[in-house]
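*Asks:* One structure coming up, written as structure tokens, with questions to follow.
Computed from the coordinates by the stated procedures, all read-outs in this text should not be read as laboratory data. Here the structure is a predicted model, which means the values were calculated and not measured. Glycine also receives a Cβ, built like all others from the backbone with ideal geometry; neighbour counts cover every protein chain displayed.
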Amino acid sequence: MTKETKLVNLSPKGETAMKKRDLDRKVSNSKRIEEKAKRLVLLSKLGGILNSTLDHQEVRRRAMEAATQLMKAEVGSLLLIDEEKRQLYFDVALGDNEETVKTITLSIGEGIAGWVAQNGRPLIVNAPEKDTRFFKGVDGKTGFKTRNIICVPVKVKEKVIGVLEAINKRGGFDQEDLSLFLSLADQVAIALDNARLYQELEGMFFQTAESLADAIEKRDPYTGGHTQRVTSYSMAIAKHLQLNPSEKKCLKIAAVLHDVGKIGIEDHILRKPEPLNSEEYNTIKGHARMGAEILEHIRQLRDIVPGVKYHHEQMNGSGYPDGLKGEEMPIIARIVAVADTYDAMTTDRPYRRALTKETAIGELKRCSGIQFDREVVEAFIKAYALGGI
């Protein structure tokens, strides 16, 4: 058989093999493209989830859940930088050993995370046992085995504020993982910074509200520290009731500003050392409605207006200003009512001595279901028993 004949005879088989290889390559490429598209869609969804809340703690938790999901990793951690101590601490560490891991700190430059924080550059380490930068202390303390790790810096305005890391992906991490992880880190940084700014604004608002309440309180020499105590008692009660975060936030502001209407009460009434006559008492009663009228002009405070306006209402309908009855009273007002009354009973007035705590609690129990909400009184007693009051 000639050489030419052999080539002709082998040609169909070679062509078939080549077609199969081409087909396999196309299928493989198609799968890779499909997988990449899915991960990009996931990244986009995770970004939306991250930016759907301004709660700093919730942002951090969601960031780590997003990181492990996107990287298909076993566990993940968010480490933040403590500027004063020049250390990294585990803020969130998903996995069974979270509490143990969160007791560990790393110096800047120590371990893979410390190196990334110091240099501001990402790292993929698929054989950590061979990398001198790898810190074995975490594995040693938790009994966990790190097989591979990807770690990227979290930067706000080019400043590294922490690092994201994902650990143990089957087959190890690659450059595609790195690209996606860096994109996620950018979104995490934006979400964290937004939450920080919101937290600072919220803190400034609370301080302003407290200063206003303090200024009003200074006009009444008989109620020093009243606002702080009512706020403290209200938040202690809230811990034993089914309130959502938004309601707790409104409660805190309402408690701080519950007496803001006293700004419109004349000094000779506020400072009167004897019991008020009926006319003066009616004037004082107007502070609840007046406080509501002041706050109604601030759109962002409209949700707290009912707590300020109705904290002198009673469950049997004999309170003021509108004679609300039972659950017509907003829950925030019912809480402030108990906290406010307890503080009034347990502080001295010129015309009477303070009641003992035990006597005051006895009065709350006696008026439970009549003047006060039963569940709120029970929550107050629980808080008191646990040292929260």
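*Asks:* Amide H neighbours of Thr105 under 5 Å, counting only residues 5+ apart in sequence or on other chains, H built in-plane at 1.01 Å?
*Replies:* none
*Asks:* So, one more: Explain nothing, just the number: relative contact order of the range 218-385, from Cα pairs under 8 Å at least 6 residues apart, as a whole percent.
*Replies:* Details: 237 pairs, mean separation 41.8, N = 168.
Taking the mean separation of contacting Cα pairs over the length of the range 218-385, I get 25 percent.
*Asks:* Suppose R0 equals 35 Å. What FRET efficiency, 1/(1 + (r/R0)^6) with r the Cβ-Cβ distance, do Asn282 and Glu158 give to the nearest 0.05?
*Replies:* Efficiency computed from Cβ-Cβ geometry: 0.05.
*Asks:* Under the rule of at least 5 residues apart or a separate chain, name every residue whose amide H is placed under 5 Å from the amide H of Asp91.
*Replies:* Close amide H contacts, sequence-distant or interchain: Leu78, Leu79, Leu80.
*Asks:* Follow-up question, since we're still on this one. Given 0.36 nm per residue, what is the gain on full extension from Ile269 to Asn119 after removing their alpha carbon distance, in nm?
*Replies:* Once the chain is fully extended between Ile269 and Asn119, it gains 47.4 nm.
*Asks:* Between Thr105 and Arg61, with labels modelled 7 Å along Cα→Cβ, what's the label distance in nm to one decimal, could you check?
*Replies:* Computed distance between label sites Thr105 and Arg61 equals 2.5 nm.
*Asks:* Output the pairs from Lys85/Lys239; Lys102/Lys382; Lys285/Lys325; Lys249/Lys325; Lys72/Lys136 with a Cα-Cα distance over 29 Å in this structure; if there are none, say none.
*Replies:* As for pairs spanning more than 29 Å Cα to Cα, those are Lys85/Lys239; Lys102/Lys382.
*Asks:* What trypsin sites (Lys or Arg not before Pro) in the range 179-270 are in a loop by DSSP, with at most 11 other Cβ atoms within 10 Å of the Cβ? Walk me through the intermediate numbers first.
*Replies:* Values: sites: Arg196, Lys218, Arg219, Arg229, Lys239, Lys248, Lys249, Lys252, Lys262; in loops: Lys218, Arg219, Lys239.
Listed in order of number, the matching sites are Lys218.
*Asks:* So, one more: Please list, in order along the range 270-275, the HN-Hα scalar couplings obtained from phi with the Karplus expression 6.51 cos²θ - 1.76 cosθ + 1.60 (θ = phi - 60°), rounded to whole Hz, x for Gly and Pro.
*Replies:* Here the 3J(HN,Hα) series is 4, 9, 5, x, 9, x Hz.
*Asks:* Figure the gain on full extension for Gln175 and Thr346 (residue separation times 0.36 nm, minus the Cα-Cα span) and round it to one decimal in nm.
*Replies:* Extra length available between Gln175 and Thr346 comes to 54.9 nm.
*Asks:* Among (1) 190; (2) 153; (3) 218, which is the computed volume of the Cα convex hull per residue in Å³?
*Replies:* (3)
*Asks:* Now for a separate question. GluC sites (Glu not before Pro) within the range 102-200: which are DSSP loop residues with at most 12 other Cβ atoms inside 10 Å?
*Replies:* Numbers: sites: Glu110, Glu129, Glu158, Glu165, Glu176, Glu200; in loops: Glu110, Glu158.
Counting only loop positions with at most 12 other Cβ atoms within 10 Å, the GluC sites (Glu not before Pro) in the range 102-200 are Glu158.
*Asks:* In addition: What number, in percent, do you get for the relative contact order of the chain if the mean sequence gap of Cα pairs under 8 Å and at least 6 apart is divided by its residue count?
*Replies:* 11
*Asks:* Let me ask something else about it. Only four residue types carry charge here, +1 at the Cβ of Lys and Arg and -1 at the Cβ of Asp and Glu. Report the dipole size of the chain about the Cα centre in Debye, rounded to the nearest 20. Could you put the intermediate results ahead of the total?
*Replies:* Numbers: 59 positive and 56 negative charges, 434 e Å.
The dipole of the chain has a size of about 2080 debye.
*Asks:* When only DSSP loop residues count, what GluC sites (Glu not before Pro) in the range 286-326 have their Cβ near at most 16 other Cβ atoms within 10 Å? Could the numbers behind the result be given before it?
*Replies:* Working: sites: Glu293, Glu296, Glu313; in loops: Glu296, Glu313.
Loop-located and lightly packed - Glu296.
*Asks:* Which residue, chosen from Ile108, Gly95, Leu78, occupies the Cα position most advanced towards the positive end of the dipole of the range 69-109, where the dipole is computed from +1 (Lys, Arg) and -1 (Asp, Glu) charges on Cβ about the Cα centre?
*Replies:* Ranked along the dipole, the leading option is Ile108.
*Asks:* Taking Cα centroids, how far is the range 224-270 from the range 67-90 in Å?
*Replies:* 38
*Asks:* Then there is this: Within the P(r) computed for the range 218-385, what percentage of the Cα pairs occupies the region above 27 Å?
*Replies:* Working: 2722 of 14028 pairs.
Roughly 19 percent, once rounded to a whole number.
*Asks:* Here is a follow-up. Can you run phi through the Karplus equation (6.51, -1.76, 1.60; θ = phi - 60°) for the range 160-168 and list ³J(HN,Hα) in whole Hz, with x for Gly and Pro?
*Replies:* Here the 3J(HN,Hα) series is 6, 9, x, 9, 10, 9, 10, 10, 6 Hz.
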